[in-house]
């Protein structure tokens with residue numbers, strides 16, 4: 001019997017996390033958020049009962065339902081809960097895949113053999129991650145992303161909706177890949193890339 005799950009965050013992303021948790025057989029014990037303007041409101045029928053500091057009063061298992069990678073890391077460092085790993089039953093995940101604690105895998109996702117996903121990461125709706133990929137902690141793979149075999153994503157990488165990466169490329173930590181971009185080569189840390197093929201965004205090419 002699973003413990004009741006405490007959901008941290010009450011935005012749009014939290015709706016999908018709650019729906020995923022329920023489909024996976026969890027019971028939602030409560031929802032918390034640090035924005036006082038949402039306290040007392042409901043999300044998918046669950047009341048937002050107060051700030052994140054109240055999470056441990058509601059249960060012992062938690063999931064961070066926040067899409068922003070930096071915010072998710074801050075919340076994970078503050079947390080006193082045991083972190084759940086939540087996987088939608090309609091995801092296809094090979095038994096050799098390793099998923100870190102606090103990670104959420106949404107409906108329609110495919111994760112192929114010998115892939116490793118770090119802690120508090122998001123593999124969003126309909127994404128595919130092929131064999132031998134390595135996804136660091138606090139990564140967000142947006143809906144419809146395609147990662148070919150052997151791709152490595154550093155901590156905090158955001159792959160925007162519909163983007164993809166060719167085989168064996170390495171993406172540096174906290175880089176941002178724009179929606180629909182195609183990464184064809186290695187990227188350093190802390191860059192933003194857009195386009196096909198993906199190129200680094202600078203002030204000069206933003207004016208083009």
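What follows draws every value from the coordinates through simple rules; no lab data is involved. Just so you know, these numbers come straight off a predicted model, no measurement behind them.
Descriptive notes on the structure:
- For the chain, the relative contact order is 11 percent, taking Cα pairs closer than 8 Å that sit 6 or more residues apart in sequence and dividing their mean separation by the residue count.
- Mean sequence separation of contacting Cα pairs (under 8 Å, at least six apart), scaled by the length of region 4-84, corresponds to a relative contact order of 35 percent.
- Alpha-carbon Debye profile of the chain, log10 I(q)/I(0) at 0.10 Å⁻¹: -0.42
- Rg followed by Dmax, in Å, when region 34-116 is reduced to its Cα trace: 14.9, 44
- Angle between the chain longest axis and helix 69-78 axis [Cα atoms, degrees, rounded to 10]: 40 degrees
- Sequence-distant contacts, meaning Cα pairs under 8 Å at least 6 residues apart, place the relative contact order of region 58-121 at 31 percent.
- Global geometry of region 120-208, whether rounded, prolate or oblate, following the gyration tensor of its Cα atoms and the 1.5 cut on a/c: prolate
- Region 102-175-region 43-90 distance, computed between alpha-carbon centres (Å): 21 Å
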